[in-house]
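Beneath this line is the structure, given in C-alpha cells, with notes to follow.
The values are calculated or read from the model by the stated rules, or taken from the named source; none is laboratory data. The structure presented is a predicted model; accordingly, all values stated were derived computationally and were not measured. Neighbour counts are summed over all protein chains in view; Cβ atoms, including those assigned to glycine, are modelled from backbone coordinates with ideal geometry. For the accessible areas, the whole protein counts, side chains as well, though only heavy atoms, and no ligand, DNA or RNA atoms are used. Shrake-Rupley method; radii C 1.70, N 1.55, O 1.52, S 1.80 Å.
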Amino acid sequence: MENGKITDSWVFKIIFITVAFYVFQLLTTKYLVNDPFLISISSQLKNIPIMTYFGAMRPALVIEKLYIWQFVSYMFLHDTGGFFHIFFNMYALLICGVPIEQLWGTRRFLFYYFFTGIGAGLCIFLMNYFTGKTGVATLGASGAVFGVLLAFGVLFPDVEFLVFFILPMKAKYFVILYGIIELVLTVKGGGNISHIGHVGG
C-alpha cells in the first residue's frame, strides 16, 4: 500500500478473500469426501466437506499425499458451524493490520502475515504429528492474526483496545495477557481450539 489509498490495502483484500472462501465453504458443505486412507486412521473421518478436506491443514494428508498447500490454504478457511470464528479473526486483522501495513508497506506486511500463518501451521503440524493426531484438521487465520496482534503491541504499545468492546486496555498489556492465556491453554490442552497455533503465530 505504498503511498496508496487505504482501500488499496492488502488487509482488505485478505479479508475479502477469506470471507469469499467462507461463503464458498457454506455453499459446498453438502459435497463430501470419503477418503479410505483417512477412514483407516479413524472411522470418524468420514463425510468430510470438500473444502475442509482439501483446504484445512491435516498432517496425515500433508505426509501421505503431499498436500503441502494446506500450510497456506488453512488460513483462509473457518469453522462453518459458527460465525464468531471468522468475525473476530477478521475484525482483529482489520483494526491491527491496516496501521501495520501503512507503517511497513504492503510487501513487508504480506511477508509477515504469511510467515506467521505458515509458521503457526508448522507448529500445529509438528504438535499433532508427535502426539499422534495426524488425522486432526486445523483451519482459520488465528495464527497469522495473533502474529499481527503481537506486531501491533510492539509497534503501537500505548494504543488502547476495548476488550470485549467495553474494557479499555493498552495494546502492550493486552498482547502480554493474551499470550500468557494461550500459553497456559496450550500446556493444559484439550478443547477444539488450536492454542499451539495461536502461540506459534
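Between the beta carbons of residue 107 and residue 24, assuming R0 = 35 Å, the FRET efficiency works out to 0.80 to the nearest 0.05. Accessible surface calculations at 1.4 Å, restricted to protein heavy atoms, place the stretch 28-102 at 49 Å² per residue. With bins 5 Å wide beginning at 0, the percent of Cα pairs of the stretch 8-139 falling in each bin runs 2, 10, 18, 21, 19, 14, 9, 5, 2, 0. Taking a ≥ b ≥ c as the square roots of the eigenvalues of the alpha carbon gyration tensor, the stretch 6-71 is oblate, as a/c is not under 1.5 and a/b does not beat b/c. For residue 161, the residues 5 or more places off, or on other chains, whose built amide H falls under 5 Å of its own are 169, 170, 171. Reported to the nearest whole Å, the Cα centre-to-centre distance from the stretch 104-118 to the stretch 12-76 is 23.
State the percentage of accessible surface on the stretch 1-71 attributable to carbon and sulfur atoms; use a 1.4 Å probe and exclude ligands, DNA and RNA. The nonpolar share, carbon plus sulfur, comes to 66 percent. Protection proxy ranking for 9-18, 52-61, using the average of other Cβ atoms within 10 Å per residue and placing the highest first: 52-61, 9-18. Each Cα pair of the stretch 58-103 feeds into the Kirkwood radius, which the Stokes-Einstein equation turns, at 4 °C and 1.567 mPa s, into a diffusion coefficient of 102 µm²/s. Each semi-axis of the equivalent ellipsoid for the stretch 126-171 is √(5λ) with λ an eigenvalue of the Cα gyration tensor; in descending order they amount to 32, 13, 8 Å.
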